[in-house]
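The values are calculated or read from the model by the stated rules, or taken from the named source; none is laboratory data. Keep in mind that what you see is a predicted model, and the values were worked out from it rather than measured. Methodologically, a virtual Cβ is constructed for each residue, glycine included, from the backbone with ideal geometry; neighbour enumeration extends over all protein chains shown. Surface areas here come from the heavy atoms of the whole protein model, side chains and all, with no ligands, DNA or RNA. Shrake-Rupley method; radii C 1.70, N 1.55, O 1.52, S 1.80 Å.
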Amino acid sequence: LGLPAVGTDDSFFDLGGHSLLATRLISRIRAILGAEIPIRDLFEAPTVAGLAVLLETGSSDMVRRKLTPATRPERIPLSSAQSRLWFLHRLEGPSATYNIPMALRLSGRLDREALQAALADVVERHESLRTVFPETDGTPHQHILTGTQAQPVLETRQTREEELADTILTVSRHAFDLSAELPVRAWLFQLTPQEHVLVLVVHHIAGDGWSLSPLFRDLTNAYAARADGRTPDWAPLPVQYADYTLWQNELLGDHSDGDSLISRQLEYWRTTLANLPEQVTFPTDRPRPVMASQRGEVFDFAWDAELHQGLVDLARATGTTVFMVLQAGLAALMNRLGAGD
């Protein structure tokens, strides 16, 4: 939680914990203590003292195998997340729907050669940034590029401040060819000799929100080293995403095995989501298009401290998170608008 101290009877959620941090906590317990705690147990026992009791009385028979470097097969399969995004890519065709664009304003003297070298360093360090997804007999697999194949291009352009927003929007819509193209692109826009904007676009198949911090940390360290005439002095990563993929596939098992974890998970969700409507139908100000346009709009709103505190108090009183409270509120609203259960 990033706190200086935590008492044994302090609630994880009262201190600011939420569902994503809860997942990290469960993973940390598994890695350090070799114990498997269902996330539901954390909601029922959200203190150190409560979890200690569960750890003493729980079973460790189902503890997952530790994630370690794996022997790579000739064709590395896709992870579940990669499979979803690859399927959507094939269904929709190359598009910007799953792009993650990031823009950084850089003030002061810029060493472009050092920045280009730093980008190459980061792509070399993280295999997921140099992985493409070709097909063999209709089945996709991970192909990790090396050497000159994996050199990212830093495209440099002159632009003006008043053109910057539209220019960033244009490059952010780059359509990646996942079968052959690096899933990361970079543009450097020069406004003045001392003012630049770096735009990085990463396809979601190679990163997510949690990826941004290590990405920029490594890029910053690599640039500092290259600007100083050095190569980055960083320790090798203990595992790569391909190792995780092989670990995940082993953990989940085969769909054809009724006792596998993936089969049990799928059956759970088929039962839980049974009879849900295929579309949410309630009065809107525009008809649903035949084809998704991916266009949207942003509406700004604010709530005051009193309302926020009320939501926090309701979450604490019900043993849930603020996210769960808001999700329940959204479901209730949509129900009242005629969307059904």
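What to note about this one:
- Which listed residue is charged (D, E, K, R) and closer than 26 Å to Arg84 by Cβ, from Asp259, Asp233, Asp228: Asp259
- Failed criterion for Ala225 (all others in (1) under 20 Å from Ser107 (Cα atoms); (2) of a type in the set (A, V, I, L, M); (3) exposed (fewer than 14 other Cβ atoms within 10 Å of the Cβ) hold): (3)
- Residue that is farthest from the chain's Cα centre (by Cα) [pool: residues in segment 164-221 that are open to solvent by 50 Å² or more (accessible area, probe 1.4 Å), among the aliphatic types (A, V, I, L, M) and closer than 23 Å to Arg295 by Cβ]: Ala165
- Those residues of segment 255-292 which are open to solvent by 90 Å² or more (accessible area, probe 1.4 Å) and under 30 Å from Leu129 (Cβ atoms), in sequence order: His255
- Any hit, segment 34-50, residues being of a type outside the set (A, V, I, L, M, F, W, C) and touching a Lys or Arg at 6+ places or on another chain (Cβ under 7 Å): yes
- Number of residues in segment 296-312 that are within 17 Å of Gln327 (Cβ to Cβ) and in a helix (DSSP H, G or I) equals 5.
- Members of segment 106-132 found to be within 18 Å of Trp187 (Cα to Cα) and not in a helix (DSSP H, G or I), listed by number: Leu106, Ser107, Gly108, Arg109, Leu110, Asp111
- Of all residues in segment 26-60, exactly one satisfies the criterion of being in contact with a Phe, Trp or Tyr (Cβ under 7 Å, 6 or more places away or on another chain) and in a helix (DSSP H, G or I), namely Leu42.
- Of all residues in segment 1-14, those that are without any contact (Cβ under 8 Å) to a residue 60 or more places away in the chain and in a loop (DSSP other than H, G, I, E, B) have Cβ atoms under 6 Å from Cβ atoms of residues that are of a type in the set (A, V, I, L, M, F, W, C) and open to solvent by less than 70 Å² (accessible area, probe 1.4 Å), 6 or more apart or on another chain, in Leu1/Leu15; Thr8/Ala49; Asp9/Ala49.
- Of residues in segment 245-271 being assigned to a helix (DSSP H, G or I) and touching a Ser or Thr at 6+ places or on another chain (Cβ under 7 Å), the one farthest from Arg72 (Cα to Cα): Leu252
- Odd one out for Leu115, checked against (1) open to solvent by less than 40 Å² (accessible area, probe 1.4 Å); (2) touching a strand residue (DSSP E or B) at 6+ places or on another chain (Cβ under 9 Å); (3) closer than 14 Å to Ala206 by Cβ; (4) of a type outside the set (S, T, N, Q): (3)
- Whichever residue in segment 231-244 is in contact with a helix residue (DSSP H, G or I) (Cβ under 7 Å, 6 or more places away or on another chain) and either among the hydroxyl-bearing types (Ser, Thr, Tyr) or assigned to a helix (DSSP H, G or I) (or both) and, among such residues, is nearest to Ala70 (Cα to Cα): Ala242
- Some residue of segment 202-220 being assigned to a strand (DSSP E or B) and closer than 20 Å to Leu119 by Cα: yes
- Against the list (1) open to solvent by less than 50 Å² (accessible area, probe 1.4 Å); (2) farther than 30 Å from Thr170 by Cα, the condition Asn99 fails is (2).
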